[in-house]
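Visitor: Submitted below is the structure of interest, expressed as structure tokens.
The values are calculated or read from the model by the stated rules, or taken from the named source; none is laboratory data. Just so it is clear, the structure is predicted and the values come from calculations on it, not from any experiment. Using ideal geometry, Cβ is built from the backbone for each residue, glycine included, and neighbour counts are taken over all protein chains shown. Ligands, DNA and RNA are stripped out before the accessible areas are found, and what is left, the full protein with its side chains, is counted by its heavy atoms. Shrake-Rupley method; radii C 1.70, N 1.55, O 1.52, S 1.80 Å.
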Amino acid sequence: MSIRDVYIVDAVRTPIGKFGGALAQVRPDDLAAHVVKALVDRTPALDPARLDDVYFGDANGAGEDNRDVARMAVLLAGLPVSVPGVTVNRLCGSGLEAVIQAARAIALGDASVAIAGGVESMSRAPWVLQKPERAFPAGHQQLHSTTLGWRMTNPRMPAEWTVALGEGAELVADRHGLAREQQDAFALASHRKAAEAWAKGLYDDEVVPYPGVDLARDECIRDATSMEALAKLKPAFRTEGGTVTPGNSSPLNDGAAALLLVDEEGLRETGREPLARIRTSAVTGIEPQLFGLGPVAAVRRALEKSGRSFADLRTFELNEAFAAQALGCLAEWPELDPEIVNPRGGAIALGHPLGASGARLAGSVAHQLAAAGSGTGLAALCIGVGQGLALVLER
């Protein structure tokens with residue numbers, strides 16, 4: 001059996017909304033349906049019935065994302081009911097995992113045309129209530145937030161594994177001696193690059209605003225922030241000697257992203273030139289409390305599998321869960337030119353809607369390679385509970 005080439009024909013995403021912001025009134029299944037429909041509408045030569053499957057990443061799944069948000073998106077987007085949908089969960093890597101699984105199906109001949117993406121509404125993530133162990137409890141019951149982080153933790157988990165995500169970022173800062181000023185400078189650069197990219201129209205080809213919502217640009221970009229403003233923010237996780245603040249961390253967000261993936265036959269049917277070709281991927285694990293360094297081994301493995309090196313990369317989209325986390329990874333890749341990392345801003349400025357972020361990164365790399373005309377690009381994320389995920393694209 002021969003392995004087929006897999007192409008990214010198009011990639012779209014919503015503007016990313018802030019927690020409780022412009023997209024907070026939009027259900028996650030509607031966000032997912034919007035990017036699916038937008039993607040199909042942008043390729044009118046393709047019969048929607050030709051879609052073999054729709055893969056969507058979703059880190060929550062406890063509320064209106066409704067167990068299988070991929071299938072809900074298919075139906076809400078008005079696609080033929082014959083188009084199936086599957087939802088995958090690798091926490092922060094879910095959207096990229098969806099891309100990888102769709103690409104794998106196409107490469108093996110199980111599919112010819114597929115959509116892959118991700119969605120998250122952290123604003124609308126519900127509280128959940130565990131069932132009582134016995135009927136009619138007389139005491140109060142606890143509600144658990146599903147927005148972010150550990151919940152209903154298994155007591156068998158070692159305590160050092162289950163620290164808060166921000167404390168995990170502090171551990172990375174400790175390991176690499178990352179000062180508060182370094183983290184703030186990284187965050188400031190993220191905002192400036194994002195604002196500049198929007199001003200230059202670099203996101204015009206991929207962002208599809210949600211109808212009826214007054215949000216044309218990512219909502220968390222702070223054009224006017226400064227080192228002085230960032231320095232005034234208090235550490236959020238360590239009261240003594242802490243360096244991780246709301247200013248040098250990614251925010252809570254809402255958004256969705258989707259990509260159209262095809263083989264050679266599907267490419268001919270679209271009548272379009274592909275943005276990029278998928279080369280290879282890799283996933284690795286690490287101690288849960290050091291999740292921020294998860295991409296380090298995954299990126300090296302993906303490059304090795306692809307026969308490429310850091311020197312071959314034209315662009316690298318690394319998710320910025322925390323400045324400390326991103327800087328820690330960069331410190332472990334001394335061969336990498338940091339100037340090619342997140343050239344259009346990163347998650348600290350753009351936002352990190354968990355299940356959507358990986359699809360956003362892959363789509364951004366594909367659009368950047370298309371704009372450049374050639375080259376190799378890489379998308380990677382750290383993942384809570386200690387994983388790293390990476391994808392190599394080429395044009």
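Visitor: Per the helix-only calculation at 222 nm, which mean residue ellipticity applies to the chain, given -39500 (n - 2.57) for every DSSP H run of n ≥ 4 and division by its residues, nearest 500 deg cm²/dmol?
Guide: -9500 deg cm²/dmol
Visitor: Please report the carbon-and-sulfur percent of the accessible area for the chain; probe 1.4 Å, protein heavy atoms only, DNA, RNA and ligands left out.
Guide: It is 51 percent, rounded to a whole number.
Visitor: Which one of L233, G345, S364 has its Cα pushed farthest toward the positive end of the charge dipole of the chain, where Lys and Arg give +1 and Asp and Glu give -1 at the Cβ?
Guide: Farthest along the dipole direction, towards plus: L233.
Visitor: Can you compute the charge dipole magnitude of the chain about its Cα centre, using +1 on each Lys and Arg Cβ and -1 on each Asp and Glu Cβ, nothing else charged? Give it in debye, rounded to the nearest 20.
Guide: Here the size comes out at about 440 debye.
Visitor: Same structure, new question: Solvent-accessible area of F186, probe 1.4 Å, all protein chains present, reported in Å² to the nearest ten, please.
Guide: Accessible area, nearest 10 Å²: 40 Å².
Visitor: Loop-only check: which trypsin sites (Lys or Arg not before Pro) in region 201-241 are DSSP coil with at most 12 other Cβ within 10 angstrom?
Guide: Passing both the DSSP loop test and the Cβ count: K232.
Visitor: May I pose another question? How big is the accessible area of I340 in square angstrom, nearest 10, if you roll a 1.4 angstrom probe over the protein chains?
Guide: 30 Å²
Visitor: Still on this structure, please answer the following. Show E394, E273 ordered by accessible area, largest first, where the area counts protein heavy atoms only and the probe is 1.4 Å.
Guide: The ordering from most to least exposed comes out as E273, E394.
Visitor: Nearest 5 is fine: what % of DSSP beta bridges in the chain come out antiparallel, could you say?
Guide: Roughly 70 percent of the beta bridges in the chain run antiparallel, per DSSP.
Visitor: Excluding residues fewer than 8 places away in the same chain, name every one of the lysines whose C-alpha is closer than 22 Å to that of K200.
Guide: Filter leaves no residues.
Visitor: Separate question: Taking θ as phi - 60°, what are the ³J(HN,Hα) couplings along region 184-196 by the Karplus curve (6.51, -1.76, 1.60), each to the nearest whole Hz, with x for Gly and Pro?
Guide: These are the phi-based 3J(HN,Hα) values: 5, 5, 5, 5, 4, 4, 4, 5, 5, 5, 5, 4, 5 Hz.
Visitor: Could you please put K193, K305 in sequence from largest to smallest accessible area, using a 1.4 Å probe?
Guide: K305, K193
Visitor: What is the distance in Å between the Cα centroid of region 232-293 and that of region 177-220?
Guide: For region 232-293 versus region 177-220, the Cα centre distance is 14 Å.
Visitor: Please work out the C-alpha center-to-center distance from region 89-120 to region 14-86 and express it in whole Å.
Guide: 13 Å
Visitor: Further, regarding this structure: Using a probe radius of 1.4 Å on heavy atoms only, what accessible surface per residue do you get for the chain? Whole Å² is fine.
Guide: Ligands and nucleic acids excluded, the figure is 41 Å² per residue.
Visitor: Assuming R0 = 41 Å, can you tell me the calculated FRET efficiency for the pair A331 and A138, based on Cβ-Cβ distance, to the nearest 0.05?
Guide: 0.15
Visitor: Amide H to amide H under 5 Å from R90: which residues, 5+ apart in sequence or cross-chain, H placed 1.01 Å off N in plane?
Guide: For R90, the qualifying residues are D58.
Visitor: I need to check one value: relative contact order of the chain, counting alpha carbon pairs closer than 8 Å and at least 6 residues apart, in percent.
Guide: 27 percent
Visitor: Could you sort T239, T376 by their accessible area in this structure, using a 1.4 Å probe and putting the largest first?
Guide: Descending accessible area places them as T239, T376.
Visitor: Let me ask you something else. Step through the residues of region 268-278 one at a time and calculate ³J(HN,Hα) from phi using the Karplus curve (6.51 cos²θ - 1.76 cosθ + 1.60, θ = phi - 60°), rounding each to whole Hz and writing x for Gly and Pro.
Guide: 4, 5, 6, x, 10, 8, x, 6, 6, 10, 7
Visitor: What list of ³J(HN,Hα) couplings, whole Hz, do you get for region 119-135 from phi and the Karplus terms 6.51, -1.76, 1.60, once you set θ to phi - 60° and write x for glycine and proline?
Guide: 8, 7, 10, 6, 5, 9, 4, x, 8, 10, 10, 5, 5, x, 6, 9, 6
Visitor: Considering only T153, V163, P126, whose Cα is most displaced toward the positive end of the charge dipole of region 118-197, charges sitting on Cβ of Lys, Arg (+1) and Asp, Glu (-1)?
Guide: P126
Visitor: Another question, then. Taking K193 as the anchor, which lysines have their alpha carbon closer than 19 Å to its alpha carbon, excluding any fewer than eight residues away along the same chain?
Guide: Candidates past the 8-residue exclusion: K18.
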